[in-house]
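Undergrad: Take a look at this one; I'll ask things after.
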Amino acid sequence: MAMKTIGLIGGMSFESSAVYYRLVNEQVRAALGSLHSAEVLMHSVDFQTIVDMQKAGRWDLAAERLASVAKGLERAGAGCILICTNTMHLVADEVAGEISIPLINIIDETASALRASGVRRPLLLATRYTMEHGFYTERMARHGLSPMTPDAAGRALVHDIIFNELCAGIVREESRAALLRLIEQAKADGADAVILGCTEICLILDPANLPLPGFDSTAIHAAAAVRMALGESAKDRAA
């Protein structure tokens, strides 16, 4: 079976899009050996235009923009689409409705990984949009999960670290320490895992070195794309 082409909607931010590109290629090489790499099409958008839509609450315009990009990737030969950001999955259903190829949903894939590990009450660290707009926790609830988020001050802290630092390629030790304190507090409050629910958070936190079991949504999403590209069946994934 020929490898399918992975369509990436990137640039939100390009810091995490670079991680996606590296991960999918590393995993294809690991699976196929030799000098194999992934068949990838990426459309990297101007993030500032998307941020402006977010701040204005114009999610309808953001949906139109990403749907247009997705359709372009489909026309170019992509066999699946990934929106390389958690926040913009707020409009994932609208985008999926405009294409005839699968859109691999980062929330569903992360939820599957959590359930497979027996997790039910994870802490969600993400942008304010992802933590507060409800789309993420509501979709997680369909999988039997009950994510918790930091308090208002904690949510503001995480949001600011993401947009003011990580999206600009800045990693500060004091910010890492602040995030770890949030995780420790959530553990005391009953969290049984932590979701790195923004695709940039993997730049500052190592999911294998946290006070709670960590689930990196970026890595989980990229792995799902590779499985689809290589033709792994749903039965194989469940095995």
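The values are calculated or read from the model by the stated rules, or taken from the named source; none is laboratory data. None of these values were measured; they are calculated from a predicted model. With ideal geometry, Cβ positions are generated from the backbone for all residues, glycine too; neighbour counts draw on all protein chains shown. Each accessible area value is taken on the protein alone, full model and side chains, heavy atoms only, with ligands, DNA and RNA left out. Shrake-Rupley method; radii C 1.70, N 1.55, O 1.52, S 1.80 Å.
Undergrad: Could you tell me whether any residue of the range 45-64 is in a helix (DSSP H, G or I) and under 18 Å from Thr110 (Cβ atoms)?
TA: No, the range 45-64 contains no residue that is in a helix (DSSP H, G or I) and under 18 Å from Thr110 (Cβ atoms).
Undergrad: Among the candidates Arg58, Arg75, single out the residue that is over 26 Å from Ile201 (Cβ atoms), at pLDDT 95 or above and surrounded by fewer than 19 Cβ atoms within 10 Å (Cβ to Cβ). Reasoning before the result, please.
TA: On the way: Arg58 fails: over 26 Å from Ile201 (Cβ atoms).
Exactly one of Arg58, Arg75 is over 26 Å from Ile201 (Cβ atoms), at pLDDT 95 or above and surrounded by fewer than 19 Cβ atoms within 10 Å (Cβ to Cβ), namely Arg75.
Undergrad: While we're on this one: Check the range 168-176 and report whether any residue there is in contact (Cβ under 8 Å) with a residue 60 or more places away in the chain and not hydrophobic (A, V, I, L, M, F, W, C).
TA: Yes, because at least one residue in the range 168-176 is in contact (Cβ under 8 Å) with a residue 60 or more places away in the chain and not hydrophobic (A, V, I, L, M, F, W, C).
Undergrad: Now for a different question. Looking for something closer than 13 Å to Leu205 by Cβ and either assigned to a helix (DSSP H, G or I) or open to solvent by 20 Å² or more (accessible area, probe 1.4 Å) (or both) - is there at least one such residue anywhere in the range 135-157?
TA: So the first thing to find is which residues in the range 135-157 are closer than 13 Å to Leu205 by Cβ, and the list is none.
No: zero hits.
Undergrad: Within the range 215-231, take every residue that is open to solvent by less than 30 Å² (accessible area, probe 1.4 Å) and over 14 Å from the mean Cα position of the chain (by Cα) and give me the one that is farthest from Arg121 (Cα to Cα).
TA: Checked the range 215-231; the qualifying residue farthest from Arg121 (Cα to Cα) is Ala229.
Undergrad: Now for a different question. When you go through Leu124, Leu90, Leu182 one by one, which is the residue that is touching a Gly at 6+ places or on another chain (Cβ under 7 Å), on the phi < 0 side of the Ramachandran plot and open to solvent by 30 Å² or more (accessible area, probe 1.4 Å)?
TA: Leu182
Undergrad: Ok, one more. Quick test of your reading of the structure: Lys4 fulfils all but one of (1) basic (Lys, Arg); (2) touching a residue at least 12 places away in the same chain (Cβ under 8 Å); (3) under 21 Å from Phe163 (Cβ atoms). Name the failing condition by number.
TA: (3)
Undergrad: Which residue pairs have Cβ atoms under 7 Å apart, sit 6 or more places apart or on different chains, and have a first residue in the range 7-25 that is farther than 19 Å from Gly77 by Cα and a second that is open to solvent by 10 Å² or more (accessible area, probe 1.4 Å) and of a type in the set (D, E, K, R)?
TA: Gly11/Asp46
Undergrad: Please find, among Val69, Val24, the residue that is in a helix (DSSP H, G or I) and either within 19 Å of Leu203 (Cβ to Cβ) or touching a helix residue (DSSP H, G or I) at 6+ places or on another chain (Cβ under 6 Å) (or both).
TA: Working: Val69 fails: either within 19 Å of Leu203 (Cβ to Cβ) or touching a helix residue (DSSP H, G or I) at 6+ places or on another chain (Cβ under 6 Å) (or both).
The unique qualifying residue is Val24.
Undergrad: If we keep just the residues of the range 209-239 that are modelled with pLDDT under 95 and either aromatic (Phe, Trp, Tyr) or in a loop (DSSP other than H, G, I, E, B) (or both), which is farthest from Val119 (Cα to Cα)? Show your work before the answer.
TA: Here is the first cut: in the range 209-239, the ones modelled with pLDDT under 95 are 231-239.
Applying the additional criterion that residues be either aromatic (Phe, Trp, Tyr) or in a loop (DSSP other than H, G, I, E, B) (or both) yields 231-233, 239.
Details: Gly231: 28, Glu232: 25, Ser233: 24, Ala239: 19 Å.
Filtering the range 209-239 for residues that are modelled with pLDDT under 95 and either aromatic (Phe, Trp, Tyr) or in a loop (DSSP other than H, G, I, E, B) (or both), the one farthest from Val119 (Cα to Cα) comes out as Gly231.
Undergrad: Could you check how many residues of the range 6-55 are open to solvent by 30 Å² or more (accessible area, probe 1.4 Å) and not charged (D, E, K, R)?
TA: Quick first cut of the range 6-55, residues open to solvent by 30 Å² or more (accessible area, probe 1.4 Å) only: 14-15, 18, 21-22, 26-27, 29-32, 34-37, 39-44, 46-49, 52-53, 55.
Subsequent filtering for residues that are not charged (D, E, K, R) retains 14, 18, 21, 27, 30-32, 34-37, 40-44, 47-49, 53.
Total satisfying the criteria: 20.
Undergrad: Picking from Ala111, Ala152, which residue would you name as being in contact (Cβ under 8 Å) with a residue 12 or more places away in the chain and aliphatic (A, V, I, L, M)? Write out each step before concluding.
TA: Working: Ala152 fails: in contact (Cβ under 8 Å) with a residue 12 or more places away in the chain.
Exactly one of Ala111, Ala152 is in contact (Cβ under 8 Å) with a residue 12 or more places away in the chain and aliphatic (A, V, I, L, M), namely Ala111.
Undergrad: Check the range 95-118 and report whether any residue there is over 16 Å from Gly214 (Cα atoms), in contact with a strand residue (DSSP E or B) (Cβ under 7 Å, 6 or more places away or on another chain) and in a helix (DSSP H, G or I). Even if it seems obvious, please write down each step before you answer.
TA: First pass over the range 95-118, keeping only residues over 16 Å from Gly214 (Cα atoms): 95-105, 108.
Subsequent filtering for residues that are in contact with a strand residue (DSSP E or B) (Cβ under 7 Å, 6 or more places away or on another chain) retains 95-96, 99, 101-104.
Now drop any that are not in a helix (DSSP H, G or I), which leaves 95-96.
Yes - at least one qualifying residue is present in the range 95-118.
Undergrad: What do you reckon, is Leu103 over 17 Å from Met42 (Cα atoms) and out of contact with any His (no Cβ under 6 Å at 6 or more places or on another chain)?
TA: Details: over 17 Å from Met42 (Cα atoms): no; out of contact with any His (no Cβ under 6 Å at 6 or more places or on another chain): yes.
Criteria not met by Leu103.
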